[in-house]
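Asks: Structure provided below as structure tokens; questions to follow.
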Amino acid sequence: VWYTPPEIVTYMVERVDRVLREELGRPEGLADENVWVLDPCCGTGSYVVEVLKRIRRTHEERGAGDLAAERVKQAATTRVVGFEIMTAPLIIAHWQVGQLLKDAPLQGEERAAIYLTNALTGWSHNAPQPAIQGFEELLRERTEADAVKRTRRILVGLGKPPYNAH
């Protein structure tokens with residue numbers, strides 16, 4: 001587990017936003033609905049939250065008004081994705097995103113796109129998928145994380161990479 005100072009997180013997010021705008025032809029940067037972001041080892045969600053803050057600022061700067069909060073919520077539930085293998089940081093990441101979304105709170109079955117998964121596994125369609133008897137919520141979690149791994153075109157990978165210590 002590695003701590004990243006908030007100044008570093010902010011710098012990295014702002015730099016990626018600028019590259020998207022100035023070098024990759026995405027004038028809305030991270031707020032572009034076709035830009036998918038993955039933090040493969042999101043920990044407590046620092047990068048995910050900072051990306052969502054950048055998206056909010058962009059929408060507010062472009063005059064979205066009350067719609068800005070809804071657009072941030074949509075990004076948080078679909079295209080700004082975090083993977084985390086440890087449950088305690090995962091819970092904190094969900095809490096932090098929930099706090100950020102207080103103007104457009106998650107309701108019912110809505111959830112942030114932060115998944116309990118190992119970012120180093122599950123990318124292949126041929127990977128074995130053992131049953132998770134009696135833990136249907138974990139099976140759903142794995143299924144949703146695998147869908148991101150196998151079907152989404154991730155444009156931005158942001159955060160610290162996962163490491164295989166063996």
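The values are calculated or read from the model by the stated rules, or taken from the named source; none is laboratory data. Predicted model, so just to flag it, every value in this text is computed and none were measured. Just the protein is used for accessible areas: all its heavy atoms, side chains included, with ligands, DNA and RNA removed. Shrake-Rupley method; radii C 1.70, N 1.55, O 1.52, S 1.80 Å.
Asks: Taking square-rooted eigenvalues a ≥ b ≥ c of the alpha carbon gyration tensor, is region 7-74 rounded, prolate or oblate, where a/c under 1.5 means rounded and, failing that, a/b exceeding b/c means prolate? Before the final figure, lay out the partial values.
Replies: On the way: a/c = 1.72, a/b = 1.20, b/c = 1.43.
Cα axes put region 7-74 in the oblate bin.
Asks: Counting only protein chains, not ligands or nucleic acids, how are His94, His59 ordered by accessible area (probe 1.4 Å), most first?
Replies: The ranking, largest first, comes out as His94, His59.
Asks: Any idea of Ile154's accessible area? Nearest 10 Å², probe 1.4 Å.
Replies: Its heavy atoms expose roughly 60 Å² to the probe.
Asks: What residues have an amide H closer than 5 Å to that of Gly82, excluding those fewer than 5 places away on the same chain, when H is modeled at 1.01 Å from N in the peptide plane?
Replies: Counting only residues 5 or more places away or on other chains, the set is Asp39, Ile114, Tyr115.
Asks: Hey, if we sort Lys160, Lys73, Lys102 by accessible area with the 1.4 Å probe, largest down, what's the order?
Replies: Putting Lys160, Lys73, Lys102 in descending order of accessible area: Lys102, Lys160, Lys73.
Asks: Which value in deg cm²/dmol, rounded to the nearest 500, describes the helix-derived mean residue ellipticity at 222 nm for the chain, given -39,500 (n - 2.57) per DSSP H run of n ≥ 4 and division by the residue count? Before the final figure, lay out each step's value.
Replies: On the way: 5 runs with 75 residues, N = 166.
Result for the chain, helices only: -15000 deg cm²/dmol.
Asks: Follow-up question, since we're still on this one. Give me Rg/Rg_expected for the chain, where Rg uses Cα atoms only and Rg_expected = 2.2 N^0.38 Å with N residues.
Replies: 1.03
Asks: Solvent-accessible area of Phe83, probe 1.4 Å, all protein chains present, reported in Å² to the nearest ten, please.
Replies: Counting only protein heavy atoms, the figure is 0 Å².
Asks: While we're on this one: Rank Lys149, Lys53 by accessible area, highest first, at a 1.4 Å probe radius?
Replies: Largest accessible area first, the residues go Lys53, Lys149.
Asks: Taking a cut-off of 14 Å between Cα atoms, list the aspartates and glutamates near Lys149, but don't count ones fewer than 8 places away on the same chain.
Replies: Output for Lys149: Asp39, Glu84, Glu141.
Asks: Follow-up. Considering the chain as a Gaussian network with a 10 Å cut-off on Cα pairs, which listed residue, Gln74, Gln133, Gln96, attains the greatest mean-square fluctuation?
Replies: Gln133
Asks: Roughly how many percent of the accessible protein surface of region 33-156 is carbon and sulfur, given a 1.4 Å probe and a whole-percent answer? Spell out each step's value before the answer.
Replies: Values: 3610 of 6740 Å².
Accessible surface attributable to carbon and sulfur in region 33-156 totals 53 percent.
Asks: Just read off the accessible area of Thr77 with the full protein assembly in place, 1.4 Å probe, to the nearest 10 Å².
Replies: The value for Thr77 is about 40 Å².
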